[in-house]
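Derivation of every value follows stated rules applied to the coordinates shown; laboratory data play no part. Quick caveat: nothing in here was measured; it's all calculated off a predicted structure. Here Cβ is always computed from backbone atoms with ideal geometry, including for glycine, and neighbour counts include all displayed protein chains.
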Amino acid sequence: MKPQIVIEDWKGKHNTNPNTQDRLLKGNTYKDCSTICIIPTRGMIPAKVVQNWMSMIPLMNQKLIRYFVIGMEVGVAYSEAIENILANPELSKWKYILTLEEDNMPPPNGLQLLIEAIETGPYDAVSSIYWTKGEGGQPMAYGDPNVMPRNFIPQVPIPNTIMPINGIGMGFALWRLEMFKDPKLPRPLFKTVNNYEEGKGSSCFTQDLFFCQAAISIGYKFAVDCRCCTGHYENSTDTIW
């Protein structure tokens, strides 16, 4: 430390910084941000993924619990977990659902970024940006809302933006709990579809796009936060895609 003559300065940097208030308003952390994190799993989660999760920064003085669902098909796991939450007199009053899957590795400030993003639109759900596994991986950002008819074509992520989108993945995504109370949404909420009907052809949906298709048809809005970059871990090759 350099020698100095001390002149009293009792206000502090945050009190005198004109950007401090804007930062708090932008982050929305002064609001109710109570979050239930649903984690469907086959039962064994790779150590590198667990280490990553341990670095996730919770929001100060906000409620956060983790809700594991073991051994269920993924669409059933999400549907059952959310219905149980809605039936719970305490948890049904919380603000957000955070979906986190056993091979996704979000950044430490991922939850804060998603909360900031979901309040910016406002959107009803916002996913981090992650890619399918493999050399030919595609971004989990499906469909441009400005293009009709609606589709789920993978979109090119725009770095450091919040992109409106038709369909999102569930690997690390934040959802408004209130949305799942809507009686207009079909039950089960999440369903993996792989059907063929004579004269109509085939219909194939993962559980996330099944829900998004139903939700956007009645006015709900989704986005991908391209500031929140999430790794997709492949245990067999020890690769983060």
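So what's the back-of-envelope 222 nm ellipticity for the chain, counting only DSSP H runs of four-plus at -39500 (n - 2.57) apiece and dividing by all residues, rounded to 500?
Values: 6 runs with 54 residues, N = 241.
One gets -6500 deg cm²/dmol as the mean residue ellipticity at 222 nm.
Could I have the simple spin-label model distance between residue 68 and residue 153, label points 7 Å from Cα toward Cβ, reported in nm to one decimal?
Distance between the two pseudo-spin positions: 4.2 nm.
Would you indicate which of (i) 1.15; (ii) 1.04; (iii) 0.94 is the value of Rg/Rh (Cα atoms, Kirkwood Rh) derived from the coordinates of this structure?
(ii)
Got a sec to turn the phi values of the range 159-166 into Karplus ³J(HN,Hα) couplings, 6.51 cos²θ - 1.76 cosθ + 1.60 with θ = phi - 60°, whole Hz, x for Gly and Pro?
x, 6, 10, 10, 9, x, 8, 7
Among 60, 228, 192, whose Cα projects farthest towards the positive end of the dipole of the chain, with charges put on the beta-carbon of Lys, Arg (+1) and Asp, Glu (-1)?
Among 60, 228, 192, the one farthest towards the positive end of the dipole of the chain is 60.
Scanning the chain for helices, which whole DSSP H stretches are 30 Å or more long along the axis (Cα) and average -0.5 or more by Kyte-Doolittle?
Numbers: long enough: none.
Flagged H segments: there are none.
Rounding to the nearest 20 debye, state how big the charge dipole of the chain is about its Cα centre with +1 on each Lys and Arg Cβ and -1 on each Asp and Glu Cβ. Don't jump to the answer; show the numbers that get you there.
Numbers: 22 positive and 24 negative charges, 120 e Å.
Dipole of the chain, to the nearest 20 debye: 580 debye.
What is the local net charge at residue 105, summed over the other residues whose Cβ is closer than 12 Å to its Cβ (Lys, Arg +1; Asp, Glu -1)?
Working: positive: 48; negative: 101, 102, 103, 234.
That works out to -3.
With an 8 Å Cα cut-off and a minimum separation of 6 or more residues, compute the relative contact order for the range 17-174 in percent.
Working: 243 pairs, mean separation 39.4, N = 158.
With pairs under 8 Å counted, the relative contact order is 25 percent.
Could you check the spin-label model distance between residue 221 and residue 237? Points 7 Å from the Cα along Cα→Cβ, value in nm.
3.8
From the phi of every residue in the range 137-145, what ³J(HN,Hα) in whole Hz does the Karplus formula 6.51 cos²θ - 1.76 cosθ + 1.60 yield, where θ is phi - 60° and glycine or proline is x?
So the J values, rounded to whole Hz, are x, 10, x, 7, 8, 10, x, 8, x.
Given points 7 Å out from each Cα along the Cα-Cβ axis, report the residue 20 to residue 138 separation in nanometres with one decimal.
4.8
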